[in-house]
Amino acid sequence: MNAVTVDAAAEAAADRAFRSDLVAIIPSLRAFARGLSGNRDLADDLAQEALAKAWGARASYTPGTNFRAWIFRILRNHFYTTATVARRFTSYDPEAVERLLTTPATQEGGLMVEDLQRGLLTLAPEQREALLLLESGLQWNEIADVAGVPLGTVKSRITRGRAALKRYMEGAAEAGLDPRGGPR
Amino acid sequence: MTSDRKPPPAPPASRSSGRRTEDPIVMGLRRLWSEVESEGVPDDFLDLLDQIDSRRAEAGPEDAGPEDAGPEDPAAAPETDGRGRKPGE
C-alpha cells in the first residue's frame, strides 16, 4: 500500500534520529545506572535494558522534549521495579556494597570517589537518584518530573542527601577506616 | 578526563544552603559521574542497538516495536534479547 510506504519512510527517518539520540545518551545512562546500583555490570545491564525499553517505547517520546529526562525516567522506573535489583541494591547491605565495588582506586581522589559511591548506596534511593540526576545536568523541575514528585520534594531530597553523604564521608574519615581493608 | 559535556546543573534557583562548587561532596559527585561518562562505551551497547535494528528490519515497518514495554510500563520484562551482558573484559 502506498500510505504504508510513505508512513514507513517517515517512520524510518524518525527511527534513525531516535537511534542516534540513544547512542548519544549511552554514557550518561551508564553513569546514572552506575550511581544507582553501585555496580558496573549490573549498571550496564540496567542501561541496556533501559535502551531496549526506550527503543520499544519510542513512539511515546515527543521529539523536541527532554530526551534525557525521558530515558532517565525509564531507567529509574526499571531500576525500582526490577525486584531482584531492588532487593539487592536498594537495601542497606554495606558488605554487599563493598563486594560489589569494582572500581580500582586511583592515586588521586580515587578513594574519594569510591567512598562517595559507597556513601551514595547508603542513602535512601530517592535521595541518591536526586543527587545523580542533578549531576546529570537536569534542572530541579526536570528531576521532579523524572521522579514524579513535587519540586519541593526534590529540593529536600537533594539537601538531605548531600547532608547524609557529608556525614558519611566525615564518619569514614574520622574513623580512619578504609572499608576495603587496604591502605588508606 | 573531563568530557566536553556542558557544565553540570547550573542550579536554577540558589543551591539551597549556600553550598558551592567547592563543596567536596558536590565535586565528588561530579567526578563520580564524569568518570563513568568518559569511559568508552562497551561494544555490547552498540551490538544491542544493531540487534534491535536488524530485528526491526526483519519485522518490517508495520511491526516496529520489538519491545512490549511502554515508558510507563517499566515492569515489563526487559527482553533485550538475552545479550545484555557485561562488557567483554
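The values are calculated or read from the model by the stated rules, or taken from the named source; none is laboratory data. This is a predicted model, so every value here is computed, not measured. Using ideal geometry, Cβ is built from the backbone for each residue, glycine included, and neighbour counts are taken over all protein chains shown. Heavy atoms of the whole protein, side chains included, go into the accessibility calculation; ligands, DNA and RNA do not. Shrake-Rupley method; radii C 1.70, N 1.55, O 1.52, S 1.80 Å.
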Set the Förster distance to 45 Å, then compute FRET efficiency between A:E174 and B:R55 from the Cβ-Cβ distance, nearest 0.05.
-> 0.25
Per-residue HN-Hα couplings for the range A:18-35 [Karplus 6.51, -1.76, 1.60; θ = phi - 60°; Hz; x = Gly/Pro] = 5, 4, 6, 4, 4, 4, 5, 8, 3, x, 5, 4, 5, 5, 5, 5, 5, x
Heavy-atom accessible area, 1.4 Å probe, ligands and nucleic acids excluded: residues of the range A:139-157 down by at least 40 Å² from chain alone = A:Q139, A:W140
A chain fully extended from A:R160 to A:T65 at 0.36 nm per residue, minus the present Cα-Cα distance, gains in nm 31.3 nm
For the range A:9-16, Karplus couplings with θ = phi - 60° (6.51, -1.76, 1.60), whole Hz, Gly/Pro x | 5, 4, 5, 5, 5, 4, 5, 4
Rounded to the nearest 100 Å², what is the sum over both chains of accessible area buried where A meets B, with a probe of 1.4 Å?
-> 5100
Work out how much length A:V6 to A:A124 would gain on full extension: take 0.36 nm times their residue separation and subtract the Cα-Cα distance, in nm to one decimal.
-> 37.6 nm
